[in-house]
Amino acid sequence: MKRKLVVIGNGMAPGRMLEELLDKDPDAFEVTIFNAEPRVNYNRLMLSPVLSGEKTYEDIITHDDAWYDEHEITLHKKAKVSKVDRILKRVTSENGITASYDKLVIATGSNPFIIPLPGHDLEGVLVYRDLDDVDQMISAAISAAKTGGRAVVIGGGLLGLEAAAGLREQGMDVTVLHLMPTLMERQLDQAAGYLLEKAITDRNIDVITKANTHAILGEEGKVTGVKLDNGTVIDATIVVMAVGIRPSMQLASDIGIECNRGILVDDSMQTSDLDVYALGECVEHNGHCYGLVAPLYDMAKVLADNLLDGKAEYKGSVTATKLKVTGIDLYSAGDFAEGEDREEIVLRDAQAGVYKRIVLKDNKIIGAVLYGDTADGPWFFDLLKKGTDVSDMRETLIFGQMFQGGTPLDPMAAVAALPDDAEICGCNGICKSQIVNTITEKGLSSLDEVRAHTKASASCGTCTGLVEQLIGHTLGEDYDPDAAQGICACSDLGHGDIRRLIKVKGLKTIPAVMQELEWKTSCGCAKCRPALNYYLVSDWPNEYADDYQSRYINERVHANIQKDGTYSVVPRMWGGMTSSNELRAIADVVDKFDIPAVKVTGGQRIDMLGIKKEDLPAVWADLGLAGFVSGQAYAKGLRTVKTCVGSDWCRFGTQDSTGLGIKLEKFMWGSWTPAKLKLAVSGCPRNCAEATCKDIGVICLSGGYEIHFAGAAGLDIKGTEILGMVSTEAEVMEHVVALAQMYREQGFYLERIYKWAKRVGLDEIRSQIMAQADKRKTYYDNFVFSQKFAQVDPWSERVSGKDKHEFNPLATLDLREAAE
């Protein structure tokens, strides 16, 4: 029988503890979580990119609803615990939910410190701790954009500077007030603090150090400004306090658990009650309270082991700090204060904006500060944690790992030399061996796949280069480094970053994308412009005007160019069905325009080949009179829906596959997708329509419909994966359309659906489409909305005169004129 585990809190520490627990023994506990927030677990380290607009809440979710369902974990949202009966072992929330426990874990996190200044309770005084705080700041920034306004951030530490940078990105004027002479004085020495302040002011953020706030000013209950001790008044519409945190231990104290500065725990993470454990920012261990993620993950691993009756011990953590502000590279670890028994090695490169300082004691690193070039941060940190004697590398130490031995190492050799337990991704606590083992076990071959399966470099991204080197070292010649490069030579950004930034920054034209994302060329190129055009069409269907000059020739002229310069035309035949009238109209067009070749395609349509470019509008006009629309055989969009005759004619048919195929095609035609999209519907498991090698396929069964996806039958041959079973045609429509829309929103340009599915994960797709009804409906509704603007026959538009210059020759020259 499973034991009952109740967790109070749903932050990063308990989330990691549950991952460790489930990995060791998924059947040990019946788990119930009480979360004070009205949402699932998310990565709080990524709140700064959400504030700046670089990411959305959905981008930073750690465990979605489907994850809790999959692991049979009961999650109570917006259920702050108000009472714990340690005698009856029962937990009760403020909204009356109760749960009994065998073991209880308290993970209540920390509370932001509020300076008790006059005016600290005015409307507009905010803190920076969770997603609700970020939402309030974004709302304030939106209001300020309309009326003007300034944000004052009190505190020049890690959170304060990230908040300031985010608010500046949102368009607000920002002033940072810091009590000490240099920013981030707990993590940086004076030299690095100076460089940091310069970088912050270069972003048009005002910084005032040695600033003691006297009062927060207001009128009619709202913030109007901040007054300093020297009498200076700074106008403000919001004030953000980012001056530190305190362990949230009130609940533990109220129920008689021993507390000091935090909830007291021993090396096993056990409190003064043998059945109650605690972890995270709420605890105090050996006199230390931690506010960074690495110690929390260390605690989580120990606690998971001990809940399963292990003997793991937590011995404290050495911490490292990174600033998550795009464009500012900063890394700090350990103790870098001056002292008589300490030595230091310093490197300064003013031209490159690089500063490095290593502090030594007894030939061991005890502190490191890196600014501008932080690539060797994890290596220095590993030497620090292990207390490695660096005597033999003293002369070259400051130059980093690659220069040990007197000559530069190949980057692959450097990453190979890292120990298995070397931390690669500090944001998610991922070490080298975890990445290597996952690459090997799951056959991963790209950065996106490694991110999806390990989370390494999926947060702030500063370890991306190291992760890529690790992939290359693990795969050797099988690794394609081009897969990790930017979209083209015009930008260092990859497709994923571009898609994300277009959405979060609200970029709605190609010039806006190129300006805001700092394109290296003035107009882009033939590789990036079609991709940008697709992303904008997909994200803003009602606002963006499709730029046909940013499409390839086939999509510009709505026909496929052949090797002799003529074109082929393929009219759409719904579900592969036709009639004598349609066939007669095609025959008339063939005769009228002397079309030299007519062929039946593999997609159950008719292809007319050898048409002159200038004849295309007239050919389309005649086909249009017969009721044809473009088959879009040239498009990165829906091509065909292949069907068999189904139950209407076939002895084995179980459902009306032809009718369903026609419905799907008429519903989905005109939609643009990252790459071509082919569907098929087979009326029985004999699969005559070959649905199991299509992008999306449906197999009709006597009891319902089996939906398949991610097949391939071109350069790559691949059978489909099963998405799931549904019972009705209406459900087929909803699930297939939602799947197509998920692919439309997440796929990279020219990325076929099977490659997209491998990148994002089959289970993730099944979860979102099959298990999450709300998410499925959102995808479906988004597709329906986009179709209002997409289902326009391009042939009819061109017949009416649109882009007529595309089909008119500039001049007709005979051979003699051409020669002259």
Next item on the list: Kindly identify segment 301-349 as rounded, prolate or oblate by the Cα gyration tensor criterion: order the square roots of the eigenvalues as a ≥ b ≥ c, call it rounded if a/c is under 1.5, otherwise compare a/b with b/c, prolate if a/b is larger, else oblate.
Entry: oblate
Next item on the list: Could you state the accessible area per residue of the chain in Å², with a 1.4 Å probe and every protein chain left in place?
Entry: 45
Next item on the list: Give the accessible area for PHE403 in Å² (nearest 10); use a 1.4 Å probe, count only protein heavy atoms, and leave out ligands, DNA and RNA.
Entry: 80
Notebook entry, point to check: How big is the accessible area of THR74 in square angstrom, nearest 10, if you roll a 1.4 angstrom probe over the protein chains?
Noted result: 60
Next item on the list: Can you sort VAL792, VAL50 by 1.4 Å-probe accessible area, starting with the largest?
Entry: VAL792, VAL50
Check: Roughly what would the spin-label model give for LYS210 and GLU731, points 7 Å off Cα along C-beta, in nm?
Finding: 7.2
Next item on the list: Please list, in chain and number order, the residues 5+ apart from LEU723 or on another chain whose amide H is under 5 Å from its amide H, with Hs placed from the backbone.
Entry: ILE707, HIS708, PHE709
Check: What is the set of long-range amide H partners of LYS83 at a cut-off below 5 Å, with H atoms built 1.01 Å from backbone N?
Finding: THR92
Note to self: For the chain, take every pair of Cα atoms, bin their distances at 10 Å starting from 0, and report each bin as a whole percent.
What the structure shows: 2, 11, 18, 21, 19, 13, 9, 5, 1, 0, 0
Checklist line | Stretchable slack from ASP492 to ASP275, in nm (0.36 nm times residue separation minus alpha-carbon distance) | finding: 72.9 nm
Check: Roughly what would the spin-label model give for ASP102 and LYS599, points 7 Å off Cα along C-beta, in nm?
Finding: 6.8
Next item on the list: Rounded to whole Å and ordered largest first, report the semi-axes of the equivalent ellipsoid of segment 699-789 derived from its Cα gyration tensor (root of 5λ).
Entry: 20, 18, 12
Note to self: Please list, in order, the residues from segment 445-481 whose amide nitrogen is less than 13 Å from a point placed 7 Å along the Cα→Cβ vector of LYS386.
What the structure shows: none
Next item on the list: For an R0 of 60 angstrom, estimate the FRET efficiency from the Cβ-Cβ distance between ASP202 and GLU797 and round to the nearest 0.05.
Entry: 0.75
Notebook entry, point to check: What number, in percent, do you get for the relative contact order of the chain if the mean sequence gap of Cα pairs under 8 Å and at least 6 apart is divided by its residue count?
Noted result: 7
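Using 0.36 nm times the number of residues separating GLN136 and ALA417, minus their current alpha carbon distance, what extension gain do you get?
Working it through step by step, the gained length comes to 96.6 nm.
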Check: Which residues in segment 226-250 have a backbone N closer than 14 Å to a point placed 7 Å from the Cα of MET180 along the Cα-to-Cβ line?
Finding: 243-245
Margin query: I need the calculated FRET efficiency for the pair ASP591 and ALA545, taking r as the beta carbon distance and R₀ as 51 Å, to the nearest 0.05.
Written below: 0.85
Check: Gap in Å between the Cα centre of segment 66-121 and the Cα centre of segment 191-227?
Finding: 35
Notebook entry, point to check: In nm, what is the difference between 0.36 nm times the number of residues separating GLU518 and LYS2 and their Cα-Cα distance?
Noted result: 180.2 nm
Item checked: For SER268, distant residues with modelled amide H under 5 Å away -> TYR314
Checklist line | Heavy-atom accessible area order for LYS432, LYS322, LYS315, LYS777, largest first, 1.4 Å probe | finding: LYS315, LYS777, LYS322, LYS432
Notebook entry, point to check: Applying 1/(1 + (r/R0)^6) with R0 = 25 Å to the Cβ-Cβ distance of ASP85 and HIS120, what FRET efficiency is obtained, to the nearest 0.05?
Noted result: 0.10
Note to self: On a 21 Å Cα-Cα criterion, which of the cross-link pairs LYS599/LYS718; LYS55/LYS385; LYS364/LYS432; LYS455/LYS676; LYS361/LYS385 come out too long?
What the structure shows: LYS599/LYS718; LYS55/LYS385; LYS364/LYS432; LYS455/LYS676
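Residues with beta-carbon under 13 Å from that of VAL698, excluding VAL698: net charge, scoring Lys, Arg +1 and Asp, Glu -1?
-4
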Note to self: Once you order the gyration tensor axes a ≥ b ≥ c over the Cα atoms, which shape class does segment 98-207 get: rounded for a/c under 1.5, otherwise prolate or oblate by comparing a/b with b/c?
What the structure shows: oblate
Checklist line | Rough spin-label spacing in nm, given labels placed 7 Å along Cα→Cβ, for GLU94 and PHE785 | finding: 3.3
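Using the Cα gyration tensor of segment 569-693, with a ≥ b ≥ c the square roots of its eigenvalues, what is the shape: rounded (a/c below 1.5), prolate (a/b larger than b/c) or oblate (neither)?
On the way: a/c = 2.30, a/b = 1.67, b/c = 1.37.
Judged from the Cα gyration tensor, segment 569-693 comes out prolate (a/c at least 1.5, a/b above b/c).
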Notebook entry, point to check: Within the accessible area of the chain, what % is carbon and sulfur when the probe is 1.4 Å and the other protein chains stay in place?
Noted result: 49
Item checked: Relative contact order computed over segment 460-597 (Cα-Cα under 8 Å; 6+ residues apart), in percent -> 13
Check: So in the chain, what percent of DSSP beta bridges are antiparallel if you round to the nearest 5?
Finding: 65
Check: Mind ordering 743-751, 635-643 by average Cβ neighbours within 10 Å, highest first?
Finding: 635-643, 743-751
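The values are calculated or read from the model by the stated rules, or taken from the named source; none is laboratory data. Just so it is clear, the model here is predicted, and its values are computed rather than measured. We place every Cβ from the backbone using ideal geometry, glycine too, and count neighbours over all the protein chains shown. Surface accessibility is based on the protein's heavy atoms, side chains included, excluding ligands, DNA and RNA. Shrake-Rupley method; radii C 1.70, N 1.55, O 1.52, S 1.80 Å.
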